[in-house]
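One structure below.
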Amino acid sequence: MDIKIENLEHIYMPGSPLSHTAIKNVNLEIKSGSFVGLIGHTGSGKSTLIQHLNGLLKPTGGKILIDGKCVGENKGDLKNLRFNVGLVFQYPEYQLFDETVYGDISYGPKNMGLSDREIRERVYESIAYVGLKEEILDKSPFDLSGGQKRRVAIAGILAMKPKVLILDEPTAGLDPKGREDILNSISRLHKEQKLTVILVSHSMEDVAKICDRVVVMSDGTVAMEGSVSEIFRREKELENLHLSVPQITKLADILRKKGYPLSNDIYTTDMAYDAITQLMRG
């Protein structure tokens with residue numbers, strides 16, 4: 001699904017003493033099948049922006065077009081929109097509510113009016129995608145580890161077979177193994193299901209590892225957008241926005257200053273490994 005955002009503005013509590021403009025004049029296009037990292041300092045408007053994409057928030061001004069249809073123009077379309085645009089909130093495990101994992105994951109497909117057989121197929125398919133075993137389905141979601149809860153929450157969205165998957169800080173608070181598992185699952189989903197994925201993250205390493213494009217927000221506006229390499233080359237500009245480049249990029253920069261002929265396009269550990277290995281062989 002193509003997403004087009006035109007002159008989007010959102011004001012919380014307009015007309016009151018607590019009025020606050022969270023985003024303003026946001027113009028953005030996200031092509032179907034792309035993998036976009038959305039970064040920015042706390043309060044830059046990232047979460048407000050993504051909540052407009054499935055109609056959870058209504059614009060104060062401007063509009064959002066998804067496959068050419070204006071979001072919110074017809075209230076009857078919102079239900080189908082939310083089936084097609086899946087939003088996984090930060091710490092989604094806090095939204096788990098059912099007695100069993102199966103009950104939680106099947107909640108969305110049930111609301112779609114699917115048959116029991118199709119619901120079951122979708123539940124089993126979605127847990128396989130997030131790397132969970134079938135025996136977990138009869139367990140209480142509250143007995144699982146943090147990483148498992150996170151994957152159950154993602155599976156619940158996937159069971160509705162959305163065309164767009166939006167994840168707000170999906171690795172927040174997880175240990176390194178949990179982070180790696182979640183990122184690998186998301187990357188696999190994007191490649192195999194051709195989903196449009198929007199990843200909101202404070203981790204430059206996560207964004208560099210799995211995203212194709214990066215959108216940088218600052219003070220409610222889009223400050224920069226481009227490919228991963230284009231954005232992470234602009235280290236000084238990112239620093240001015242209270243952001244940074246991946247740590248491995250900083251290390252490569254230190255090595256370059258010491259005379260090692262390394263590329264300016266190193267922003268993952270795999271890229272650094274390949275570049276340094278090549279130097280050693282040379």
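Please treat every number below as a calculation from the coordinates, not as lab data. Small disclaimer: the values here were computed from a predicted structure and weren't measured. Cβ coordinates were reconstructed from backbone atoms using ideal geometry, including for glycine residues, and neighbour counts include every protein chain displayed.
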For this session: With an 8 Å cut-off on Cα pairs and a minimum separation of 6 or more residues, tell me the relative contact order of the chain in percent.
Result: 22 percent
For this session: Evaluate the charge dipole of the range 3-245 about its Cα centre and quote only its size in Debye, nearest 20, assuming +1 on the Cβ of each Lys and Arg and -1 on the Cβ of each Asp and Glu.
Result: 540 debye
Exercise. Restricting the count to DSSP beta bridges whose residues both fall in the chain, what percent are antiparallel, rounded to a multiple of 5?
Worked result: 55 percent
Seminar exercise, completed: The extension gain from residue 16 to residue 273, computed as 0.36 nm times the residue separation minus the Cα-Cα distance, is 87.1 nm
Exercise. Among 28, 81, 262, which one shows the biggest mean-square fluctuation in a GNM of the chain, springs joining Cα atoms closer than 10 Å?
Worked result: 262
Problem set entry | Cα centroid separation, the range 173-220 to the range 1-34 (Å) | 21 Å
Exercise. If you put +1 on each Lys and Arg Cβ and -1 on each Asp and Glu Cβ, how big is the dipole of the range 140-282 around its Cα centre, in Debye rounded to 20?
Worked result: 340 debye
For this session: With a/c under 1.5 counting as rounded, go ahead and sort the range 186-282 into rounded, prolate or oblate using the C-alpha gyration tensor (a ≥ b ≥ c being the square roots of the eigenvalues; past the cut-off, prolate if a/b is larger than b/c, else oblate).
Result: oblate
For this session: Would you mind checking 69/209; 110/209; 46/191; 24/177 for any pair whose Cα atoms are more than 30 angstrom apart?
Result: 69/209; 110/209; 24/177
Exercise. So, in Å, what gap is there between the alpha-carbon centers of the range 245-264 and the range 49-104?
Worked result: 41 Å
For this session: Only helices at least 15 Å long along their axis, Cα-based, and averaging -1.0 or more on Kyte-Doolittle count here, so list those DSSP H runs from the chain.
Result: 101-111, 146-158, 247-257, 269-281
Problem set entry | Estimated inter-spin distance, residue 31 and residue 251, nm [label 7 Å along Cα→Cβ] | 3.3 nm
Seminar exercise, completed: Sorted by chain and number, the residues with a modelled amide H under 5 Å from that of residue 223, at a separation of 5 or more or across chains, are 216, 217, 218
For this session: For every helix of n ≥ 4 consecutive DSSP H residues, a contribution of -39,500 (n - 2.57) applies; sum these over the chain, divide by its total residues, and give [θ] at 222 nm rounded to the nearest 500 deg cm²/dmol.
Result: -11500 deg cm²/dmol
Problem set entry | Other-chain or far-sequence residues with amide H under 5 Å of residue 98's (modelled H) | 104
For this session: Any chance you could run the full-extension gain for residue 140 through residue 235? It's 0.36 nm times the residue separation minus the Cα-Cα distance, nm to one decimal.
Result: 29.7 nm
For this session: In a Gaussian network model over the chain where Cα atoms closer than 10 Å are linked, find which of 43, 156, 108 has the largest mean-square fluctuation.
Result: 43
